[in-house]
Amino acid sequence: MQQQPNPQFYTAPQYAPAPPAAHLKTNRGLLKLILLSIVTLGIYSIVFYSGISTDINLIASRYDGKKTMHYCLLFFLVGPITLGIAYFVWFHKISSRIGGELRRRGISYSFGAGSYWLWNVLGSLIIVGPFIYVYKLCKAMNLLASSYNTQG
């Protein structure tokens, strides 16, 4: 005969939240991107966007079930084959995905595909628009990385 545990003394096992898989960078910035891209003759910009594509996959894939194409694949293969059209699609999708993850995590920062089209595409007519877009992208990714580092 098997004895049942006394409900008075039974406590359910407590599980701590899983630690994040990796500690993500939270120091992305527009000025750093500009200066290091100049010094490295543009190589740092590839590293910068590659890091963003990797980080958003790590942060959001288990929740939205999507996977963003790595920026190196876009830059070296897909972009030239499509005569640059893939860049518009990639930036639209990654901006939308970052905005969705910001909303899912409850972070009140306005960013999304609209930010890309308004600041980076239309904003290029006033010259400073793309800089504002990259600033907003850096801030959004820093907020997401900070949230991921603390909450997983």
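The values are calculated or read from the model by the stated rules, or taken from the named source; none is laboratory data. In this text, all values refer to a predicted model and were calculated from it rather than measured experimentally. Positions of Cβ are generated from backbone atoms using ideal geometry, with glycine treated the same way; all protein chains shown enter the neighbour counts. Protein only, heavy atoms only, side chains kept; ligands, DNA and RNA dropped before computing areas. Shrake-Rupley method; radii C 1.70, N 1.55, O 1.52, S 1.80 Å.
Can you match Rg/Rh (Cα atoms, Kirkwood Rh) to one of these, (i) 1.17; (ii) 1.13; (iii) 0.93, based on a calculation from the structure here? After the calculation, the listed value that fits is (i).
Given the DSSP H assignment, sum -39500 (n - 2.57) over each helix run of at least 4 residues in the chain and divide by its residue total; what's the result at 222 nm in deg cm²/dmol, nearest 500? Don't jump to the answer; show the numbers that get you there.
Details: 4 runs with 75 residues, N = 152.
Result for the chain: -17000 deg cm²/dmol, rounded to the nearest 500.
A full extension of the chain between LYS66 and PHE88 corresponds to an added length of 6.1 nm, given 0.36 nm per residue minus the alpha carbon distance.
Normalised per residue, the accessible area of the chain is 64 Å², obtained with a 1.4 Å probe and no contribution from ligands, DNA or RNA.
Give me the net charge for the shell around SER115: Cβ to Cβ below 12 angstrom, other residues only, Lys and Arg +1, Asp and Glu -1. Don't skip to the end; give the middle numbers.
Details: positive: LYS136, LYS139; negative: none.
Taking every other residue near SER115 into account, the sum is +2.
In a fully extended conformation the segment linking VAL39 and VAL121 would gain 26.9 nm over its present Cα-Cα distance, using 0.36 nm per residue. The angle between the Cα long axis of helix 85-104 and the main principal axis of the chain comes to about 30°, on a 0 to 90 degree scale. Taking each residue as 0.36 nm, the span from LEU31 to ILE46 lengthens on full extension beyond its C-alpha to C-alpha distance by 3.8 nm. Counting charges near LEU30 (Lys, Arg +1; Asp, Glu -1) among other residues having Cβ under 12 Å from its Cβ returns a value of +4.
Kindly report, to the nearest 10 Å², the accessible surface of THR150 as traced by a 1.4 Å probe over protein heavy atoms only. The accessible area of THR150 comes to roughly 110 Å². Specify the residue with the greatest mean-square fluctuation among TYR135, TYR63, TYR87, computed from a Gaussian network of the chain linking alpha-carbon atoms under 10 Å apart. With Cα springs under 10 Å in the chain, the top fluctuation among TYR135, TYR63, TYR87 is at TYR63.
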